[in-house]
1. Can you confirm whether Pro132 is in contact (Cβ under 8 Å) with a residue 12 or more places away in the chain, open to solvent by 10 Å² or more (accessible area, probe 1.4 Å) and touching a helix residue (DSSP H, G or I) at 6+ places or on another chain (Cβ under 7 Å)?
2. Please name all residue pairs, on different chains or six or more residues apart, with Cβ atoms under 6 Å, provided the first residue is in the stretch 154-165 and is closer than 10 Å to Ser206 by Cβ and the second residue is β-branched (Val, Ile, Thr) and part of a strand (DSSP E or B).
3. Can you tell me which condition Thr270 does not meet? The list is (1) surrounded by 14 or more Cβ atoms within 10 Å (Cβ to Cβ); (2) at pLDDT 95 or above, and all the others hold.
4. State yes or no: is Val146 modelled with pLDDT of 95 or more and farther than 25 Å from Ile42 by Cβ?
5. Any residue at all in the stretch 80-102 that is within 16 Å of the ligand (Cβ to nearest atom) and open to solvent by 30 Å² or more (accessible area, probe 1.4 Å)?
6. If I filter the stretch 83-94 down to residues being part of a helix (DSSP H, G or I), under 14 Å from the mean Cα position of the chain (by Cα) and among the aliphatic types (A, V, I, L, M), which single residue comes out as farthest from His11 (Cα to Cα)?
Amino acid sequence: MKTSMFTHLDHPIAVDVETVENYQTRGHVRIEGVASDIVGEIRPLITEAVQAQRSRNDTQGRVEEYTSMFTQVTNIWKLSNEIARFVLAKRFAHAAAALMGIPGVRLYHDQALFKPAGGKRTPWHQDQFYWPIDTTNTITMWMPLVDISPAMGTMLFADASHTDGPLLKEGISDHADATLAQVIERAKYHITEYGDFKAGDATFHSGWTVHSAFPNKSFTVREVLTVIYYANGARITKPETEFQVADMKVFFPGLKPGDLAASQLNPLLT
Ligand SMILES: O=C(O)CCC(=O)C(=O)O
């Protein structure tokens, strides 16, 4: 990867007022071309790291059903300097901060989520159920590394569901999926899906936005990288579930409830 590419990544991109408003009212938004200039260069490095991790068969300390739905690698930025430059890029972090309307964001973690050909639907869920953190200013950037269509597993979002906070005290499962589907019907949330994506486009969704993803009906792997951010200044809460106990250990190493959520794995990015 060329050094000039890295320099590019250090510059914030403009996020217009309408995009910010859309994010804040609906709990999700799509920004096209966030990384289209560089995704072709970073993709081979990420796929290589995912392959290496797959052969180690390591769940990386997490307790979650995701591990059976995807080839998932968490904190992939720790595996290569180039991937770190990408994941920690100011370009993405500034967009995340602008959408949330806050000055500073820290990294929670990243995830390569590679859904294999034939991979099943991602059930409805809310990410923040898993996170022991005292802010609702949390956001996930979800970025395909290849061009994808809905038939390969793009996401669906329940509009404005983030404004209702936690809707279910259950981790991802078929049961939780069915219950959230009922919640969606009762609340009459409008469901948004964004159609086709080019590699390097991205959606951003809030930690409490109810979302799911289509199955991968194609013959190729759906390669996605996500990066999760939260407001600088947030503190760690007392874990309420085994998932949150695991997340505290893995993503806030050495810290405890009440501490500032700022371990060496959570650099300030803006
Ligand atoms: O990629 C998927 O299928 C689901 C991803 C997801 O739920 C997330 O990034 O929060």
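The values are calculated or read from the model by the stated rules, or taken from the named source; none is laboratory data. Every value quoted in this text rests on a predicted model; they were computed, and no experiment measured them. Reconstructed Cβ throughout: ideal geometry from the backbone, glycine too, with neighbour counts over all protein chains shown. The area values use the complete protein model at the heavy-atom level, side chains included, leaving out ligands, DNA and RNA. Shrake-Rupley method; radii C 1.70, N 1.55, O 1.52, S 1.80 Å.
1. no
2. Every condition considered, the pairs that remain are Phe157/Thr192.
3. The failed condition is (2).
4. Here the answer is no, as Val146 does not meet what is asked.
5. Scanning the stretch 80-102, I find no residue that is within 16 Å of the ligand (Cβ to nearest atom) and open to solvent by 30 Å² or more (accessible area, probe 1.4 Å), so the answer is no.
6. In this case the residue turns out to be Val87.
This table checks each residue for (1) within 24 Å of Tyr194 (Cα to Cα); (2) modelled with pLDDT of 95 or more.
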| site | (1), (2) |
| --- | --- |
| Thr25 | yes, yes |
| Arg62 | no, no |
| Thr74 | no, no |
| Ile102 | no, yes |
